[in-house]
Amino acid sequence: MSLDEKSCAPCRGGVPPLKGGALAAIHHQLPDAADWKVINEHHLTRAFPFPDFKTALDFVNQVGALAEAQGHHPDIVLKWGKVEVTMWTHKIDGLTESDFIMAAKIDTIPR
């Protein structure tokens, strides 16, 4: 099953964050893996370019609806012509499979 076909699972803590080879392996499962950057094995980020503010805002609203449906909420920065999405699982202060599931689902939103 691909990441975008899975659902985010609520983190209850007590789970170690993904690191090393396990982190690299799940990162490579993302459809647009080269565009998603893993920063310090702690968070996942991507910038999405857009031709104008309205298109970027529409994308943010779709990401927001997806986040609500999945119960997994990224940090989103909206700028003219650009949206930056950053994720990590706050409960464990690191990355879990759910962060990558959410990233894969975001990649399916038409742009």
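The values are calculated or read from the model by the stated rules, or taken from the named source; none is laboratory data. Just so we're clear, the structure is a prediction, and the values are computed from it rather than from any experiment. A quick note on method: Cβ atoms are made from the backbone with ideal geometry, for glycine too, and the neighbour counts reach across all protein chains shown. The protein model used for the area step is the full one, side chains on, heavy atoms only, and it has no ligands, DNA or RNA in it. Shrake-Rupley method; radii C 1.70, N 1.55, O 1.52, S 1.80 Å.
Tabulated values for the structure
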| item | result |
| --- | --- |
| Reachable lysines from Lys79, criterion Cα separation under 26 angstrom, eight or more residues apart if same chain | Lys37, Lys54, Lys105 |
| Whole-percent carbon and sulfur share, accessible surface of the chain, 1.4 Å | 55 percent |
| Options His42, Met1, Gln62, ranked by Cα towards positive dipole end of the chain, top entry (Cβ charges) | His42 |
| GNM top mover of Lys37, Lys54, Lys82 - the chain, alpha-carbon springs below 10 Å | Lys54 |
| DSSP-assigned coil residues among chymotrypsin sites (Phe, Trp or Tyr not before Pro) in region 71-103, each with at most 14 further Cβ atoms within 10 Å | Trp80 |
| Cα-centre dipole for the chain with unit charges at Cβ (Lys and Arg positive, Asp and Glu negative), debye to 20 | 120 debye |
| In Å², nearest 10: area of Glu68 left accessible to a 1.4 Å probe | 130 Å² |
| Stokes-Einstein translational diffusion, the chain - Kirkwood Rh over all Cα pairs, 1.306 mPa s, 10 °C, in µm²/s | 113 µm²/s |
| Sites Glu84 and Ala24 - FRET efficiency at Förster radius 22 Å, r taken between beta-carbons, to 0.05 | 0.45 |
| Relative contact order (percent, whole number), region 2-90, Cα cutoff 8 Å, 6+ residue spacing | 29 percent |
| Efficiency of FRET between Lys37 and Ser2 - r from beta-carbon atoms, R0 22 angstrom, step 0.05 | 0.60 |
